[in-house]
Every structure is written in structure tokens, then in C-alpha cells.
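Laboratory data are not the source of any read-out in this text; all were calculated from the coordinates shown. Keep in mind the model is a prediction, meaning the values are calculated, not measured. Don't worry about glycine lacking a Cβ; one is built from the backbone with ideal geometry, like all the others, and counts go over all protein chains shown.
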Amino acid sequence: MSEERSLNFLEEIIENDIAAGKNNGRVHTRFPPEPNGYLHIGHATSICLNFGLARKYNGKCNLRFDDTNPVTEETEYVESIKNDIKWLGFEWDGEYYASDYFETLYEYAVTLIKKGFAYVDDSTAEEIAEMKGNLNTPGKESPCRSRSIEENLRLFEEMRDGKYKDGEKTLRAKIDMAHPNLLLRDPLMYRIKHEHHHRTGDQWCIYPMYDFAHGQSDSIEEITHSICTLEFIHHRPLYDWFIEQLGIFPSHQYEFARRNLTYTVMSKRKLLQLVNEKHVSGWNDPRMPTISGMRRRGYPAAALRQFSDTIGIARRENIVDIAMLEFCVRENLNKTSNRVMAVLDPVKLVITNYPEGKEDIFDAGNNPEDPNGGTRQVPFSRELWIEREDFMEVAAKKYFRLAPGNMVRLKSAYIVQCTGCLKDDAGNITEVHCTYLPESKSGHDTSGLTVKGTIHWVSVPHARTAEVRMYDRLFRIEDPSNEEGNFKDYINPDSMNVLPGVYIEPALAGAKPGEAVQFMRKGYFCVDTESTPDKLIFNRTVTLKDAWVKEVKKG
RNA sequence: AGUGCGAUGGUGUAACGGUAGCAUCACAGACUCUGACUCUGUUUGUCUAGGUUCGAAUCCUAGUCGCACUACCA
């Protein structure tokens, strides 16, 4: 039955907490995106982690938008984020916004001022940076540090009332300007921004910094396990300090290593650049590692969940081979997608002993992996389209497709024997000729023959056409971010190859956007969102593994 | 340089003082009306040097290497 699976380090922490009766055994996580961009595969694994942990331990998981910077945040992103999480198959327990807590946060700040743990600083950004010191020299205390509590209270209220311009004053925590952790050298709690906020409008002109919003929001929601990536590890002492001084619910932060993928970039800044500079068509371009891009590409949500599960979770840096993701995609699609025939690079096959005008209709199984997958009808005639690469005038060794004298099975139809080919003046093959064996009809084969090769085909008079977009990796090297020079220098020039007139079998005529199929022997494809009944468009989701390609490469 | 975190096959992840395992990749073979899927097998690993111990990936010491932190971003 089910194998005993070892726990990851977060599950261990949680199980220990439950065993110790911490929080009465309650588990409450949260996924805290900032609504300033689209979610990517890294977020997807974080979503699976946070929601998955809550699910596993009968807990809850909130969705909380970390919207404390009105300059970059927009409602458009809120909607796309919610949509992506739902598509991934998760439901949040509470939908919250850090901006919901602005009033409470303000009161918390007042509390800290009253306790002498915060002060208003008149220093400019440059002065603050100057006084901060650096990695090996301690900082200097601001002249404002010794202001009286009464004055701080008055000034902070005036900041809120809009009496000061952007950057004129800040509220800082009073901790230790000589602390080896730079974040503890009197970090900023509030800054002035006369900006319109996507939810609170013009109600506020002071906004809390991440460090004075995130932990407090966790605490307000009584989050038990606040999970974030490793770069926030230096923030944890500050996270704990604020909670302790405030005496509020003690949420705890735990960090894990973000997961990187080969042949891609993950930072929002770089992704934004790809979009803005039109290297891709948008955030949901099928080559993008965004959730919306992968969805459009045809990656099933279940594959993303499986991927997240498979790669696990740890605290060491890593770069996951994209082959792992592709494996998960293939494994899911193999079980669920119907097989159909499409000829991407066509050459005509003429069956010289098949009467002109005659046709057969074959029932072809939709999915060998699914006994209840049903069948569809596929028309057959004297002239068929086949792949150009399925014929060789002189067969290479181990090549068992069409070549003069060779026999192959036409999938779901007859066995044919190649008799030769026609060429144009330039020597290009224009037609392949063969004869068929009537007694080899699929399902009623009495020929007694077995052939090594089976190829796919589409009947010429019955064929429909579609545009097929052949996608490949966006970058041509494993780790574009770590390479010398600009990451954009490593964009794969062949990341998208559009085939305008691919022949597809007629059963595909009514395919709807989002529908996933396997073009037999060619890969998994899905109908693009831009597809219409008049102009069908397919995206290549992922290729099939191809032992023949490897054989050819070996030479 | 200061502080913190980390180091297990090509990649990801287990082993919590007692047989270095799983997945993927690669390779070889079987099967096949998809050169797919499936099945079988193979190669490849504990950063280094000491120490503790009957026994060390695990504990200790010293080193090496990598990453993060010096935004009024999150």
C-alpha cells in the first residue's frame, strides 16, 4: 500500500508542536503575495506548501495580500493571483489584506512610541543610509533618537495627518545602531507616501514597511506557522522583537530555500523585463514560468502539485532540473489526454493499389491508458499526409519506418509496403508510394504479419488545418541568471516556432480552448486561448520522449 | 571583512550513532498497432583533515567552498 514517507523539516516542526500541545494543536498558515506581479512556479510550490500543510494537519490557510506599498500594487494583480490559486486547486480560509490592518498597525506603532521603542526621524534617506554603517562598521545614532515620547507622539500624528511631504520624516524602531544584523539598526517602520492605494484610496499617506506589517498581520490572524523563503531569515529577530514588545499573539517564522529551475529565470524583475521588452507576448506567454503561462501552455494543475511534492523542501540552495517538471507533466497528460493524429511536416503518401474515390472509416481508440476513453472515427483514403521524417529513400540502420521495400502499420488502419517515391527537379521528395494489404485491417488483421514500425497519418481529402506553435525552453543555458553578462543574451532563439498549416484529423474540428490532446508520436498539445473554430491554434505543451532522436544523435 | 544559513550521485530529496534509500536524468534490454507508456537492469554520491565511538552522512574541532544581508521594496 502506501509507502511510509519521511517528513520534511517543516512537517517535523509542526508535528513536534502538535505533540507539545502548542496552540492547542492548531495549525494555521498563510500565503502572502504582494499584488505587484503575476505568480510563477516558485509561488506555486509555496502555495502547495502552505495550503498542503494546512490540509494535512486539518488546519487553515489564509490568503493575505501584502499590500503596503501603493506605488507598485494593483487590483489587476489581486484578481490574477486569486484565479491562479483556485486553478491550482486550493481554497483559502480567509481572504485578508495587510491594508485591512492599517488602523491597528498605527495603534501598535503608537504603543511602541509610548514604550520608548520608536521615534520619529527627520533624517533624509541618504542620511539614514549614511548613519547605518555597513557590514563591518557600526552605525551612528540619529540626532532625533532622543526625542521625547510626547514629541514623537505629536510628530507621528502629524505624519498621519499629512503635514509632511514624502520622505520628510520616518518612524523608526529604537533598537541598536551597532547591531551586527543591519536590520536591527533602528529599522524604518513607517514612511510617508502621498499615493493612492488600490484599496484604502487616499485615506492614508503613511504606510508601514514590510517588517512592521508582516509579522503583525500574522499575529492578528493568529498564524501559527509563518513560512517564507530563506532571504527573510535575517528578518526573524526583528519579526520576534516587534511581537514581543507589543505582547501580541506569538506567530513564528520558518524559512525554506526557494526553488530554482534550470533553463529559466524566476525573479519578478526579470520576468517583467521579458514582458516589457516584448521578448514574450505577455505574462501568460506559454514560455513564461508563470502559473498563467504554464496553464496556457497546457501544464495540468495536478502536474504542478505533483512537481511540488516530488522536489520536496529543504534549506539548501538548489536548482531543480526542468526535466523533473516535464516528467510530471507527461505523467499526468499520459493518463488523461486523448490520442489524435496530426502531421506537422507533411509529405504525401499514395497507396497505389487503393481505389480512387474509395474510403474507409476506422474506429480508433482515444486513449490506451483509459479503457473507458471511447473511440472516434477516422476517415481513410488513397492519399494520406505523413511526416516527412517517416520516409527515407535509403534507410539508416535501425530505422524501421518507410523506405523502399519496408513495411509499416498505418496507425489504426492497414499495413503498407513502400514501393518508391517521386521527386521534383531539385531532388526533393514530393510523393511516397506504397501498396496496402487489405487483410491487415486494424482489428481484423488476418495477414499474420508483424511490422516493427507504426506511423500516424491524416487523409488528404478529409484533413483540416491548424496553426501549431512549437514551444521550447525560453533559455538555451541551464542557469541564465548566474551566467556572465545579461540574462537576455541567453534567450533561446527557437523558443517558439509557428507551423501555420498543420494537417489534423477531422475529429479535432470542434476542439475547445484549453483542451489537451496527444498528437501521436509528436507530443502533448493543447488548444490555445486564442483559438477559434475558424482558426484552430495548438500549443505544444511538451514533447514525447524520443528514443529515435537519441539514436540519430549517436550517429 | 561582520553576522547568519548551508554543503549527500548530473539534478532534487531521505537516512535523526547501526545495510547510504527514493524520484528524475543518463545508459542497456524486454514489451509495443505511439521508437510513447509500462517493465527489468546498470553507472554515478556523504566538501576536506583530524578526533570521539565497537560503529559517523549524522556528534566534536579546524579548515574549504557556496549563498544571503549594507532599498523610505516585499
Using only the alpha-carbon atoms, how far is helix A:9-19 inclined from the longest principal axis of chain A? Give it as 0 to 90 degrees, nearest 10. 60
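If you average the sequence gap of Cα pairs under 8 Å that are 6 or more apart and divide by the length of chain A, what percent do you get for the contact order? Could the numbers behind the result be given before it?
Numbers: 1057 pairs, mean separation 60.8, N = 555.
That works out to 11 percent.
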Report the calculated FRET efficiency for A:Asn486 and A:Lys163 (r = Cβ-Cβ distance, R0 = 30 Å), to the nearest 0.05. 0.10
Rounded to the nearest 0.05, what FRET efficiency do A:Val71 and A:Ser281 have when you use their Cβ-Cβ distance and R0 = 25 Å? 0.40
Along the dipole axis of chain A (charges at Cβ: +1 for Lys and Arg, -1 for Asp and Glu; origin at the Cα centre), the most positive-end residue among A:Leu402, A:Phe212, A:Cys61 is A:Leu402
What percent do you get for the relative contact order of segment A:350-505 when only Cα pairs under 8 Å and 6+ apart count? 20
Just want to confirm a number: the relative contact order over segment A:155-217, from Cα pairs under 8 angstrom separated by 6+ residues, in percent. 30
Helix A:41-56 versus the longest principal axis of chain A: what is the Cα-based angle in degrees, 0 to 90, to the nearest 10? 80
Test item: Cα-centred dipole of segment A:334-419, Lys/Arg +1 and Asp/Glu -1 on Cβ, debye: 240
Scattering curve values for segment A:17-256, log₁₀ I(q)/I(0), Debye with Cα scatterers, q = 0.09 Å⁻¹: -0.41
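Given +1 on the Cβ of Lys and Arg, -1 on the Cβ of Asp and Glu, and no further charges, what dipole in debye does chain A carry about its Cα centre, rounded to the nearest 20?
So the dipole magnitude of chain A works out to roughly 1440 debye.
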Full-stretch length increase - A:Asp345, A:Asp309 - with 0.36 nm per residue and alpha-carbon distance subtracted: 9.2 nm
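Divide by every residue of chain A the summed helix terms, -39500 (n - 2.57) for each DSSP H run of at least 4, and state the resulting mean residue ellipticity at 222 nm, rounded to the nearest 500 deg cm²/dmol.
Rounded to the nearest 500, it is -7500 deg cm²/dmol.
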Report the Stokes-Einstein translational diffusion coefficient (µm² s⁻¹, integer) for chain A, Rh taken as the Kirkwood radius over Cα pairs, at 25 °C with viscosity 0.890 mPa s. 88
With each label point set 7 Å from Cα along the Cα-Cβ vector, what nm distance links A:Asn334 and A:Val552? 2.3
Trypsin sites (Lys or Arg not before Pro) restricted to DSSP loop in segment A:510-555 with at most 16 other C-beta within 10 Å: A:Lys535, A:Lys545
What length, rounded to one decimal in nm, is gained on full extension from A:Ala509 through to A:Asp122, with 0.36 nm per residue of separation minus their alpha-carbon distance? 132.5 nm
Trypsin sites (Lys or Arg not before Pro) within segment A:417-468, DSSP loop, no more than 13 other Cβ atoms inside 10 Å: A:Lys452
Kirkwood hydrodynamic radius of segment A:357-468, Cα pairs, Å: 15.3
Extend 7 Å from the Cα of A:Asp534 along its Cα-to-C-beta direction; within segment A:478-516, residues with backbone N under 13 Å of that point are none
Points 7 angstrom from Cα along the Cβ direction at A:Lys452 and A:Lys423: gap in nanometres? 2.4
List the lysines whose Cα lies under 27 Å from the Cα of A:Lys535, skipping any in the same chain that are fewer than 8 positions away. A:Lys278, A:Lys348, A:Lys411, A:Lys512, A:Lys522
For A:Lys115 and A:Val498 in one chain, what is 0.36 nm times their gap in residues minus the Cα-Cα distance, to one decimal in nm? 131.3 nm
Taking the Cα centre of segment A:17-256 as origin, sum charge times position over the Cβ atoms of Lys and Arg (+1) and Asp and Glu (-1), and report the length of that vector in debye to the nearest 20. 660
Tell me the net charge near A:Leu261. Cut-off is 12 Å between Cβ atoms, A:Leu261 excluded, with +1 for each Lys or Arg and -1 for each Asp or Glu. -1
Neighbour-limited loop hits for GluC sites (Glu not before Pro), segment A:127-156 (at most 15 other Cβ within 10 Å; DSSP other than H, G, I, E, B): A:Glu141
How far, in degrees from 0 to 90, does helix A:75-88 lean away from the longest principal axis of the Cα atoms of chain A, to the nearest 10? 60
If you average the alpha carbon positions of segment A:154-190 and of segment A:273-334, how far apart do those two centres end up, in angstrom? 40
Please compute the net charge surrounding A:Ser217, taking Lys and Arg as +1 and Asp and Glu as -1 over other residues with Cβ under 10 Å from its Cβ. -2
Within segment A:315-356, list the residues whose amide N lies under 14 Å from a label point set 7 Å along Cα→Cβ of A:Glu369. A:326-340
For A:Met131, the net charge from surrounding residues (Cβ-Cβ under 9 Å; K, R +1; D, E -1) works out to -1
The simple spin-label model distance between A:Ser6 and A:Gln203, using points 7 Å out along Cα→Cβ, in nm, is 4.9
Dipole of segment A:442-490 (Lys/Arg Cβ +1, Asp/Glu Cβ -1, origin at the Cα centre): which of A:Asn482, A:Ala466, A:Ser447 lies farthest to the positive side? A:Ser447
